[in-house]
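Below: one structure, written as structure tokens.
The values are calculated or read from the model by the stated rules, or taken from the named source; none is laboratory data. Because the structure is a prediction, the values reported are computed rather than measured. When we count neighbours, we look across all protein chains shown, and the Cβ atoms used for this are built from the backbone with ideal geometry, even at glycine.
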Amino acid sequence: MTQTAAAHPTAAPTAGTTSSGLRSLHLVRVAFSLVWVALVLTTSASLESADGVTALAGVLLVVYPLWDAVATLLEPRLAGTGSLDRVGAVNVGLGLATAAGMAVAAFSTVRAALLVFGVWALLAGAVQLAVALRRRRTVGAQWPMIVSGGQSVLAGAVIAGTSGSATSGLSTVAGYSAFGAFWFLVSVVALSVRARRAGR
């Protein structure tokens, strides 16, 4: 559900170039999230065991934050803005650290996995929110990412806060990812509308 900032460009790209690159990346992120959600939901009955999660669930939980880090690394190239800035680097580090932590937590207990995921969603959402607020002046059409970032902060807090509940399960994170895919798709539409209005 997260989106990170592009670096300060060596040669400033046009708003149209940046918008086009972001649309492409967001579409890829939508596709990834939908596939991820489908894998979680279609195998949900076998993802959890009495003491923890299965190997498949563990892999899915590690891959999700890892993909977010990869997408952050791809964003500057797709948006034509050079290399990562500090915010992007922080988000990459956060994703990698979460993937590493999840590799341990996911094979420990469901509660530990949900706690790690929730904390990551909260922090990553805060980064996304900050980036979207900064980008609205240069790229525009950032309101879907602002809403998504705020939602990620709230959802992460809820997931982490209820991770110890007996009713909590991995379906929670599937719902989180599905909402993320929805807002990335809305962002694609918003960026496309803005580009058409700009005559690009």
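Yes/no matrix, rows are residues, columns are (1) closer than 16 Å to Val63 by Cα; (2) modelled with pLDDT of 80 or more; (3) in contact with a Leu (Cβ under 8 Å, 6 or more places away or on another chain):
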position	(1), (2), (3)
Phe117	yes, yes, yes
Val131	no, no, no
Ala160	no, yes, yes
Phe182	no, yes, no
Val189	no, yes, no
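From the residues in the range 64-75 that are buried (at least 23 other Cβ atoms within 10 Å of the Cβ) and touching a Gly at 6+ places or on another chain (Cβ under 6 Å), which one is modelled with the lowest pLDDT?
Per the criteria, the residue is Thr72.
Give the range 78-105 a look and list any residue that's surrounded by fewer than 17 Cβ atoms within 10 Å (Cβ to Cβ), modelled with pLDDT of 85 or more and either more than 16 Å from the chain's Cα centre (by Cα) or closer than 13 Å to Ala160 by Cα (or both), or say none.
Ala100, Ala103, Val104
Which ranges mark the helices (runs of 4 or more DSSP H) fully within the range 106-200 that have 1 or more residues being in contact with a strand residue (DSSP E or B) (Cβ under 7 Å, 6 or more places away or on another chain), surrounded by 17 or more Cβ atoms within 10 Å (Cβ to Cβ) and not aromatic (Phe, Trp, Tyr)?
Values: elements: 110-135, 143-161, 171-197.
In the range 106-200, 110-135 are the helices (runs of 4 or more DSSP H) which contain 1 or more residues that are in contact with a strand residue (DSSP E or B) (Cβ under 7 Å, 6 or more places away or on another chain), surrounded by 17 or more Cβ atoms within 10 Å (Cβ to Cβ) and not aromatic (Phe, Trp, Tyr).
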